[in-house]
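Engineer: The structure is given below, and queries will be raised subsequently.
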Amino acid sequence: FFMSFDIFLRRKKSILSKKDRSFKGSLDKKISKLCKKINSIDNFYTTSSCSGRVVLMIDQEKKSGGLFLWVNHNLITLRELKKEINKAKLKKKNIKFKQDPCIIHIACKNLEDAKHFLEIGFRVGFKKSGILYLGKRIVVELNCSEKLEFPIIAKGKILVTNEFLKTIIKKTNKNLKAGWKKINDLTNNL
């Protein structure tokens, strides 16, 4: 696999100039410093990222618009989560709780650069990571392993107790903080 440096830089400039098409519509503050640092290095650019999030979403096989009922990129509280669960139960659908780990995709100039980036990611704790080939790009995916996912509402009926929610909130916030630490460690190791 070979791409001229000129073509890589043109593609980088094109990608970085495009409008953010993510659900959030902007970069997470907790990952923006890392993205800026990566994008300042000639041989790399970011294609997508998330610092970690908590969502309540309609549980269905096919992806479609309107699945996300609540998305939060910060630590959560019992009061806040219960408020969102009570709103979600009015949908009378099956709803799941998800805490997604931080993830970042980095386009790399060549395979050596990709291997190097992957090694740094593994060293700071991005254990679920690998090199992806996407068409004419080499992309490294760095992914944390800390995540939670479970059904929380079935056809309008809340399936969990307050005690369970308190336990989940502790675990969720611990997972989010662990991901943010890895983001900072990666930023400092580049």
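The values are calculated or read from the model by the stated rules, or taken from the named source; none is laboratory data. Please read these numbers as outputs of a predicted model, since none were measured by experiment. Here the Cβ positions follow ideal geometry from the backbone for every residue, glycine too, while neighbour counts run over all protein chains shown. SASA here: full protein model, heavy atoms, side chains in, ligands and nucleic acids out. Shrake-Rupley method; radii C 1.70, N 1.55, O 1.52, S 1.80 Å.
Engineer: Of THR187, THR172, which residue is in contact with a strand residue (DSSP E or B) (Cβ under 6 Å, 6 or more places away or on another chain), open to solvent by less than 30 Å² (accessible area, probe 1.4 Å), of a type in the set (Ser, Thr, Tyr) and outside any strand (DSSP E or B)?
Structural biologist: After ruling out the rest, the residue left standing is THR172.
Engineer: Considering (1) farther than 29 Å from THR187 by Cβ; (2) in contact (Cβ under 8 Å) with a residue 40 or more places away in the chain; (3) among the charged types (D, E, K, R), say which one ASP100 fails and leave the rest.
Structural biologist: (1)
Engineer: Could you say which residue among ILE31, ILE41 is assigned to a loop (DSSP other than H, G, I, E, B) and within 27 Å of HIS116 (Cβ to Cβ)? Explain how you work it out, then say what you get.
Structural biologist: Values: ILE31 fails: assigned to a loop (DSSP other than H, G, I, E, B).
The unique qualifying residue is ILE41.
Engineer: Of the conditions (1) among the aliphatic types (A, V, I, L, M); (2) open to solvent by 70 Å² or more (accessible area, probe 1.4 Å); (3) touching a residue at least 24 places away in the same chain (Cβ under 8 Å); (4) closer than 30 Å to LEU16 by Cβ, LEU111 fails just one. Which one is it?
Structural biologist: The failed condition is (2).
Engineer: Test GLU141 against the criterion of being at pLDDT 95 or above and either open to solvent by less than 60 Å² (accessible area, probe 1.4 Å) or at positive phi (or both), and give yes or no.
Structural biologist: Taking the combined requirement at face value, the residue satisfies it.
Engineer: Among the listed residues PHE122, PHE97, PHE126, which satisfies the condition of being part of a strand (DSSP E or B) and not polar (S, T, N, Q)?
Structural biologist: PHE97
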